[in-house]
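This report concerns only the one structure given below.
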Amino acid sequence: MSCRRGALIVLEGVDRAGKTTQCQKLVHALQQSGRAAEMMRFPDRTTKIGQLISSYLEKKSNLEDHTVHLLFSANRWEMVPLMKQKLEQGINLVVDRYAFSGVAFTSAKPGFSLEWCMNPDIGLPKPDLVMFLQLNPNMAADRGEYGIERYETSAFQRTVHQRFEELMQDSSVNWKVIDAARTIEEVHKDIKLLSECIISLAENQPVGELWS
Ligand code: NYM
């Protein structure tokens with residue numbers, strides 16, 4: 001008998017919503033409760049493609065806007081064999097950003113439709129659950145100065161937030177909105193509960209394909 005597969009759980013949100021902290025806490029909590037869990041993040045800056053992206057984000061290099069969008073997508077695709085392998089082994093994957101960030105950030109640039117941006121990510125492993133850490137971009141800005149990387153301005157983040165709102169209209173994706181304006185522990189409690197439910201539901205179902 002094959003083992004139960006792991007769940008693919010994604011956390012999304014604008015910068016400073018607390019995604020990374022919450023991903024780490026979730027992985028830890030799942031492991032504490034005896035479940036196999038690992039964290040992944042996109043962009044994965046460790047690969048050759050990831051290094052091109054990282055240099056672009058740090059403003060050490062310039063890349064044409066379509067090109068960098070496709071690199072972000074390629075950075076996800078190059079991890080797909082590993083993701084599938086881990087899910088099949090029963091490891092729950094907790095992912096810090098995924099294709100939704102890809103679409104929200106590029107489509108916040110002038111001249112990019114949601115549809116064009118979604119295309120290269122069609123067919124990626126479909127998350128069983130996408131939790132959107134909802135934080136008003138003004139509150140996100142109040143959490144301290146934005147960093148110096150590309151996209152880290154209040155005006156751009158407001159547009160990114162609007163694009164996420166549009167993406168969340170798509171009922172083919174299992175979106176859950178989490179109020180991220182609360183304490184770290186309150187937010188974690190909700191995330192943990194939702195994740196535990198989806199892990200039980202996903203284990204007997206095949207991994208789906210995103211947007212296809
Ligand atoms: N970003 C992230 C994109 O523009 N496209 C993508 O596909 C992904 C996954 O990269 N501002 C942006 C969002 C962030 C930046 O993310 C780096 P992080 O989580 O700060 O490393």
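When the listed pairs Lys19/Lys86; Lys19/Lys189; Lys19/Lys176; Lys25/Lys192 are checked against a 18 Å cut-off, the alpha-carbon distance exceeds it for Lys19/Lys86.
Mean residue ellipticity at 222 nm from the helices of the chain, using -39,500 (n - 2.57) per DSSP H segment of n ≥ 4 over the full residue count, to the nearest 500 deg cm²/dmol? Numbers along the way, then the final one.
Details: 9 runs with 98 residues, N = 212.
Rounded to the nearest 500, the figure is -14000 deg cm²/dmol.
Measuring between their Cα centroids, the stretch 1-28 and the stretch 49-94 lie 17 Å from each other. Within the listed set Trp77, Trp116, Trp175, the residue fluctuating most in the Gaussian network model of the chain (springs between alpha-carbon atoms under 10 angstrom) is Trp116.
Pop the C-beta distance of Lys59 and Glu203 into the FRET formula with R0 = 35 Å and round what comes out to the nearest 0.05.
Values: r = 43 Å, r/R0 = 1.23.
With R0 = 35 Å, the Cβ-Cβ based efficiency is 0.20.
Here the extension length gained between Met139 and Val177 equals 12.0 nm, from 0.36 nm per residue of separation less the Cα-Cα distance. Residue separation of Gln169 and Asn119 scaled by 0.36 nm, minus their Cα-Cα distance, works out to 16.3 nm of gained length. Rounded to the nearest 20 debye, the dipole magnitude of the chain is 420 debye, with +1 charges on Lys and Arg beta carbons, -1 on Asp and Glu beta carbons, and the Cα centre as origin.
Would you work out if the stretch 74-212 is rounded, prolate or oblate? Take a ≥ b ≥ c from the square roots of the eigenvalues of the alpha-carbon gyration tensor; rounded if a/c is under 1.5, else prolate when a/b is larger than b/c, oblate otherwise.
On the way: a/c = 1.92, a/b = 1.26, b/c = 1.53.
It comes out oblate by the Cα gyration axes.
Under the shape rule built on the C-alpha gyration tensor, where the axes satisfy a ≥ b ≥ c, the stretch 15-154 is oblate, since a/c reaches at least 1.5 while a/b does not exceed b/c.
The alpha carbons of the stretch 163-209 give a radius of gyration and a Dmax of 13.1, 35 Å, in that order.
For Tyr146, the accessible area of its heavy atoms, probed at 1.4 Å with every protein chain present, is near 40 square angstrom.
The values are calculated or read from the model by the stated rules, or taken from the named source; none is laboratory data. What you see is a predicted model; the values in this text were computed from it and never measured. Every residue, glycine among them, receives a Cβ derived from its backbone with ideal geometry; neighbour counts consider all protein chains shown. These accessible areas exclude ligands, DNA and RNA; they are computed on the full protein's heavy atoms, side chains included. Shrake-Rupley method; radii C 1.70, N 1.55, O 1.52, S 1.80 Å.
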